[in-house]
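The values are calculated or read from the model by the stated rules, or taken from the named source; none is laboratory data. All values reported here derive from a predicted model rather than from experimental measurement. No Cβ is skipped: glycine too gets one built from the backbone with ideal geometry, and neighbour counts run over all protein chains shown.
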Amino acid sequence: MEVILGVLLFWLPCCILVAWIAGQKRRSRLGFFLLSALLSPIIGFLAVLAVPARVPPSPKVAARAMRKCPECAEAVLNEATKCKHCGSALSPVKPPGVLKSLLWGPVAER
Ligand SMILES: [Zn+2]
């Protein structure tokens, strides 16, 4: 009984540590916690070290996102109010919020 309790007292903090590291790398805390709890904290620790940190799209990248001019179909910046190719007036597009960009990915790739 004491062995099981000792393992649990060691196992659980290690799982929490792995989940914390995953959170620092913007990865799923719950996923890595469950991976560590079900398999082993060692496997969870190696997995969380192996995955690269998720980098949110920077505001600079979102601000430089392009769209198509409705008149000449050339690429113009989202915040442009006048097309640099044909000179037609454009309404500026607001950059997406953090949640929207996380759900749908960078605007430039669409
Ligand atoms: Zn144009």
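Tabulated values for the structure
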quantity	calculated
Looking only at the range 94-110, and only at residues there that are in a helix (DSSP H, G or I) and either within 16 Å of the ligand (Cβ to nearest atom) or not small (Gly, Ala, Ser) (or both), the one that is modelled with the lowest pLDDT	Glu109
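The rows are residues; the columns are (1) modelled with pLDDT under 85; (2) assigned by TED's automatic domain parsing to the domain that holds Pro13.
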| site | (1), (2) |
| --- | --- |
| Pro41 | no, yes |
| Gly44 | no, yes |
| Arg64 | yes, no |
| Asn78 | no, no |
| Thr81 | no, no |
| Cys86 | no, no |
| Ala89 | no, no |
| Pro92 | yes, no |
